Amino acid sequence: METELFYRLALNYVESCGRSTLKEILKYSGSAKNVFESPELWRKQISNKKNNHLNLKISDQIRKNVEVEIDKMEKQGIMLCNILDSNYPVRLKRCVDSPIQFFYRGGSDFNFDRILAIVGTRNASSYGIRSVSKILNELKGSNIVTISGLAYGIDTATHEESLNHNIPTIAVLGSGLGTIYPSINRSLSDRIIDSGGTLITEFSYDIGPERVNFPQRNRIIAGMADAVLVAESGYKGGSIITAHIAHTYNRDIFAIPGSIFEESFAGCNNLIRKNIAAVATSGADILELMNWDKVAKPHQIELFVELEEDEQYLFDYVKVQPRSIDDITEYCKNFTPSKIAAILLCLELKGVITALPGKRYGCCV
């Protein structure tokens, strides 16, 4: 009898429908096994009726590929995190293009309180690397976890300086775990795992670092983080793509400003100019703007204004502690985004909540 892991890996080879449809099928099935073995659980439920005639079968070639993958996973200590699992990253799950599952080595906790992505050019300057070192030194002890892409330059500096300052760090690869790219970072990847950190990838073991893989990797970095710091980047590049992806996810963006004479900072300066990114010159800037330097103090709340039922429902949620817009959206699942925005505005006008840094809302009475 095949295991659930076998069926989950088989999902990676489904080509007859897109990721969003497959996630919907998986949701109604309740398990990867049921996707293939009990199609009656999902056929009448999926929203796109033309997909009702999908015939998801495991061919001999798929079976062979999956068995090879399982063997390598067992030998290398590789695990699989599926969107049905309780430890699947909550932040990432809320993203419309989140992966159905990913492979990982190392720690299995992906839902830390504070996750900061740091990205930048592979051809990092000494100024860029020193800036990363300075900021991470100032963030140590702040209960922050970093995430980056294990590439040359800023990514490498992020992981190394995180380790130097005892900050947990996560590396997202643009290749399978059978290929650490660049190869010079193999020892760094081992140190990340040994420190309790994690290597993550959406790609099967033998997939190499192909160019098309990196935009996919970047969305995972952006999706898992609360905020993204662009440490050094030209006008174009993967870091700018990551920042724009994060912006669409409603994440906070920071950028380290650089000389107007240096092309390697043109992207950072442009993000700041367009008000996409806030200036970050220290760890304190990030802590303050993300509201991570505040400790909530419980107090008795007395409310003297009348609230509508929907307003009371949302207020009761944010009065306990400040909540991000993502948290609010997840909590108010039956409300449309426009309705949530309208309720928040009404509560602000009534003076019972206030907008806080980091796209959060908290009680002010």
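The values are calculated or read from the model by the stated rules, or taken from the named source; none is laboratory data. The structure presented is a predicted model; accordingly, all values stated were derived computationally and were not measured. Using ideal geometry, Cβ is built from the backbone for each residue, glycine included, and neighbour counts are taken over all protein chains shown.
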Those residues of region 327-365 which are charged (D, E, K, R) and under 25 Å from the mean Cα position of the chain (by Cα), in sequence order: 327, 330, 333, 359, 360
Which numbered condition residue 187 misses (of (1) part of a loop (DSSP other than H, G, I, E, B); (2) surrounded by fewer than 16 Cβ atoms within 10 Å (Cβ to Cβ); (3) at pLDDT 95 or above): (1)
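Got a sec? Which of 66, 132 is within 20 Å of residue 168 (Cβ to Cβ), in contact (Cβ under 8 Å) with a residue 60 or more places away in the chain, of a type in the set (Val, Ile, Thr) and buried (at least 17 other Cβ atoms within 10 Å of the Cβ)?
132
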Residues within region 311-328 that are in contact (Cβ under 8 Å) with a residue 12 or more places away in the chain, surrounded by fewer than 17 Cβ atoms within 10 Å (Cβ to Cβ) and in a helix (DSSP H, G or I), tallied: 2
Single residue of region 30-43 satisfying the filter (surrounded by 19 or more Cβ atoms within 10 Å (Cβ to Cβ) and under 19 Å from residue 102 (Cβ atoms)) that is farthest from the chain's Cα centre (by Cα): 35
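Would you check which residues across region 329-349 are in contact (Cβ under 8 Å) with a residue 24 or more places away in the chain, of a type in the set (Val, Ile, Thr) and within 20 Å of residue 248 (Cα to Cα) and list them?
In the first step, residues of region 329-349 are kept if they are in contact (Cβ under 8 Å) with a residue 24 or more places away in the chain; the result is 329-330, 335, 339-340, 343-344, 346-347.
Still in the list and also of a type in the set (Val, Ile, Thr): 329, 340, 343.
329, 340, listed by residue number.
For every residue, the table says whether it meets (1) touching a residue at least 40 places away in the same chain (Cβ under 8 Å); (2) in contact with a Pro (Cβ under 8 Å, 6 or more places away or on another chain).
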| residue | (1), (2) |
| --- | --- |
| 112 | yes, yes |
| 116 | yes, no |
| 125 | yes, no |
| 136 | yes, no |
| 141 | no, no |
| 144 | yes, no |
| 149 | yes, no |
| 158 | yes, no |
| 166 | no, no |
Filtered residues of region 215-248 (kept if surrounded by fewer than 21 Cβ atoms within 10 Å (Cβ to Cβ) and not polar (S, T, N, Q)): 215, 234, 235, 236, 237, 241, 244, 245, 247
